[in-house]
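Enquirer: Before we start, here is the structure in question, set down as structure tokens.
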Amino acid sequence: MLTKAYIPYRGYYSTPFVRWQGSLATENAIALGAATSKRFFEAKGWDPNMLDYVHVGSTVYQPHWFYSGPWAAALMGAEKVPGALISQACSTSALTMYQAAMGVETGLHDKSWCLLADRCSNGPHAVWPNPNGPGGKPTVEDWFLDNVNRDPWAGEPMIKTAENVSKEFGITRDECDALTLRRYEQYQDALANDREFQKRYMFGVEIQLSKKKSISVEADEGITPSTREGLAGLKTVLPDGVHTFGAQTFPADGNCGLLVTTRDKARELSADQGVEVQIVSYGYARTKKAYMAAAVAPSAKNALDNAGVKVSDIGAVKTHNPFAANDIAMAKELGLDLKSMNNYGCSLIYGHPQAPTGARLMIEGIEELAQKGGGYLLFSGCAAGDTAASVVIKVG
């Protein structure tokens, strides 16, 4: 259980998420994330030199990725601030925030910026020397797509792990379609009143087209409208499966940022000193081979136990749900109300840019609880290698 790590209320942002090969497809994720964070600091009137450390969470390598932490810090205007790169597939946000929180907890540092930045578009194609190959032919790998399509340990694509869990939990095609439609309806709530909810935390991203011209992306791009009839008309991805392309997420691009600091500093920097945001605990799990979605519930239990909180105490649940089965299995395992999870949006609907996904979900959960007058937030999500991570946050 953590007792000293806090986030200033609205000391965070998420850019819009943009569908794969969309408006952010050619931008370096680290450089764009740092530039966006710099603009965010300017908008808040914060000096980036107040930071002790910059934690960069990223999973799809970019040019100069080797230098991610200190490079991002310098681009933000914090040239004397060190930084590090953290990468753990889809649970990168949770681990990055936890590492920053542990820095505060141990007194190592008291003002850390967590920058979560990824670009799935135009991912790198790695070429590995292989002197023993036929004629010295090298080994090649599409960094993103090849790894989504095959876990080297489990030997299965990610969609197959979701189908394995569906069979074990008795999840049906109708349940997956109904869940997808419900999540789409929840996302529509975030768009009501001229995107009133999203504007609580979303920060536009600027793309420099030339020295004199730039464009700004202010809202999510690439959302596919869902209807009961439309979902029913889709074929399943695997012939014997229950998931269609409508019932799974899609790769995207974007970045998020949030400040992890002490209670006193969080109060000082908060947009509303009446709202207090505390990082309470972290949890993790790994399940059996090729059953990725089944890891989410035990990771949530781990985080809840570490926080000393019961499922009945939770005021909001946000999940990274690359497949509809994720939420259905988790709800069955923990006794959660499936329809009330993921209010205002989730990665199933607005896409999955890897590292920033969890951060946006946690930010949305904080804002949901701020509207409700406070409570505990549970964030959970699966990650590559049949693992999962969870975080408990208290909004007071």
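The numbers here are math on the coordinates, done by the rules we state, and not lab data. All values reported here derive from a predicted model rather than from experimental measurement. Note that each Cβ is placed from the backbone with ideal geometry, even for glycine, and that neighbours are counted across all protein chains shown.
Enquirer: L231: in contact (Cβ under 8 Å) with a residue 60 or more places away in the chain and aliphatic (A, V, I, L, M), yes or no?
Expert: Working: in contact (Cβ under 8 Å) with a residue 60 or more places away in the chain: no; aliphatic (A, V, I, L, M): yes.
Criteria not met by L231.
Enquirer: Taking the condition buried (at least 22 other Cβ atoms within 10 Å of the Cβ), under 22 Å from the mean Cα position of the chain (by Cα) and not in a helix (DSSP H, G or I), does T96 pass?
Expert: Details: buried (at least 22 other Cβ atoms within 10 Å of the Cβ): yes; under 22 Å from the mean Cα position of the chain (by Cα): yes; not in a helix (DSSP H, G or I): no.
No; evaluated as a whole, the condition is false for this residue.
Enquirer: Shifting gears a bit: Considering only residues that are assigned to a loop (DSSP other than H, G, I, E, B) and among the small types (G, A, S), look in segment 257-297 and name the one that is nearest to L145 (Cα to Cα).
Expert: Within segment 257-297, the first condition is being assigned to a loop (DSSP other than H, G, I, E, B), and the residues that meet it are 262, 270-276, 287-291.
Now drop any that are not among the small types (G, A, S), which leaves 270-271, 274, 290.
Values: S270: 40, A271: 40, G274: 45, A290: 17 Å.
Filtering segment 257-297 for residues that are assigned to a loop (DSSP other than H, G, I, E, B) and among the small types (G, A, S), the one nearest to L145 (Cα to Cα) comes out as A290.
Enquirer: Looking at segment 132-174, which of the residues that are among the charged types (D, E, K, R) and not in a helix (DSSP H, G or I) is farthest from the chain's Cα centre (by Cα)? Steps first, please.
Expert: In the first step, residues of segment 132-174 are kept if they are among the charged types (D, E, K, R); the result is 137, 141-142, 146, 150-151, 156, 160, 163, 167-168, 173-174.
Those left that are additionally not in a helix (DSSP H, G or I): 137, 141-142, 150-151, 156.
Details: K137: 37, E141: 24, D142: 22, R150: 21, D151: 20, E156: 23 Å.
Per the stated criteria, the residue is K137.
Enquirer: Spot the failing condition for F41; the list is (1) more than 30 Å from E141 (Cβ to Cβ); (2) aromatic (F, W, Y); (3) out of contact with any Pro (no Cβ under 9 Å at 6 or more places or on another chain), and only one is missed.
Expert: Status for F41: all satisfied but (3).
Enquirer: Another question, if that's okay. Which residues, taken from segment 25-79, are of a type in the set (S, T, N, Q) and in a helix (DSSP H, G or I)? Quick ask: steps written out before the conclusion?
Expert: Initial filter on segment 25-79 (of a type in the set (S, T, N, Q)): 26, 28, 36-37, 49, 58-59, 62, 68.
Those that are of a type in the set (S, T, N, Q) and in a helix (DSSP H, G or I): T36, S37, N49, S68.
Enquirer: Can you tell me which residue among L336, L304 is among the hydrophobic types (A, V, I, L, M, F, W, C), more than 22 Å from L115 (Cα to Cα), surrounded by 21 or more Cβ atoms within 10 Å (Cβ to Cβ) and touching a helix residue (DSSP H, G or I) at 6+ places or on another chain (Cβ under 9 Å)?
Expert: Working: L336 fails: surrounded by 21 or more Cβ atoms within 10 Å (Cβ to Cβ).
Of L336, L304, the one residue that is among the hydrophobic types (A, V, I, L, M, F, W, C), more than 22 Å from L115 (Cα to Cα), surrounded by 21 or more Cβ atoms within 10 Å (Cβ to Cβ) and touching a helix residue (DSSP H, G or I) at 6+ places or on another chain (Cβ under 9 Å) is L304.
Enquirer: Only one of A384, A359 is under 15 Å from the mean Cα position of the chain (by Cα) and surrounded by fewer than 24 Cβ atoms within 10 Å (Cβ to Cβ). Can you tell me which?
Expert: Working: A359 fails: surrounded by fewer than 24 Cβ atoms within 10 Å (Cβ to Cβ).
Only one candidate qualifies: A384.
Enquirer: Name every residue in segment 44-68 that is over 22 Å from A126 (Cβ atoms) and of a type outside the set (K, R), in order of residue number. Spell out the reasoning first.
Expert: Initial filter on segment 44-68 (over 22 Å from A126 (Cβ atoms)): 44-55.
Once the filter is applied, which keeps residues that are over 22 Å from A126 (Cβ atoms) and of a type outside the set (K, R), segment 44-68 yields G45, W46, D47, P48, N49, M50, L51, D52, Y53, V54, H55.
Enquirer: A further question follows. Can you tell me how many residues within segment 211-256 are among the polar types (S, T, N, Q), surrounded by 18 or more Cβ atoms within 10 Å (Cβ to Cβ) and not in a loop (DSSP other than H, G, I, E, B)?
Expert: Going through segment 211-256 one residue at a time, the tally reaches 3.
Enquirer: Let me ask another. Pairs, please: C-beta under 7 Å, at least 6 apart or cross-chain, first residue closer than 15 Å to L24 by Cβ and in segment 353-366, second among the β-branched types (V, I, T)?
Expert: Hits for this filter: Q354/T59; Q354/V60; Q354/T92; A355/T59; A355/T92.
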